[in-house]
Amino acid sequence: MNSIIFSAGARILVALLLVFSVFMLLRGHNLPGGGFIGGLIAAVGFIVYMLACGTTQAKAALRVSPEALAMVGLLIALASGFVSILFGDPFFTGQWWWVGGDSYATAVVRPNTVLVFDVGVYLVVLGSIVSLACAFEEEV
């Protein structure tokens, strides 16, 4: 499109959608949300940007090819499953650690493999949906 208003509004909307998608990603383990819905929200942001500015500018804004992003996400999600095997648990069993406290309840930071899996799903969904949208946009 050649609308200046839509282009300017899309940039603001994309920024808001990306921040909201990261929020949904980070809150998703114990509350509704997670990697899938966060990735969908981020993909919608890039699709809006694609409609406003074109496919080439949207791919340039992503900075990585969407296919590569999906593959890296899949590797991250699978790697989070193998961590549990290192500790003698079944594949994809969640592993939690605590940093800065005596127990999980008093810890300052609680890294876990569930969040790593959610980040992988986020990247897979973002990459695959944007790749599909780019293919549809280039075909039309």
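The residues of the stretch 77-108 include none that are acidic (D, E) and closer than 21 Å to V119 by Cα. Scanning the stretch 96-135 for residues that are part of a loop (DSSP other than H, G, I, E, B) and surrounded by fewer than 16 Cβ atoms within 10 Å (Cβ to Cβ) gives W97, G100, G101, D102, S103, Y104, A105, T106, A107, V108, R110, P111. Of the residues making up the stretch 26-51, those that are outside any helix (DSSP H, G or I), in contact (Cβ under 8 Å) with a residue 60 or more places away in the chain and either among the hydrophobic types (A, V, I, L, M, F, W, C) or surrounded by fewer than 19 Cβ atoms within 10 Å (Cβ to Cβ) (or both) number 1. Exactly one residue among G101, G73, G88 is of a type outside the set (V, I, T) and either under 22 Å from the mean Cα position of the chain (by Cα) or closer than 26 Å to L18 by Cα (or both), and that residue is G73. Checking each residue in the stretch 52-73 for being outside any loop (DSSP other than H, G, I, E, B), surrounded by fewer than 16 Cβ atoms within 10 Å (Cβ to Cβ) and among the hydrophobic types (A, V, I, L, M, F, W, C) picks out A60, A61, A68, M71, V72.
Taken together, the values in this text are just the output of simple stated rules run on the coordinates, not laboratory data. This structure is a prediction, so every number in the text was calculated from the model and none was measured. In this analysis, Cβ positions are derived from the backbone assuming ideal geometry, glycine residues included, and neighbour counts consider all displayed protein chains.
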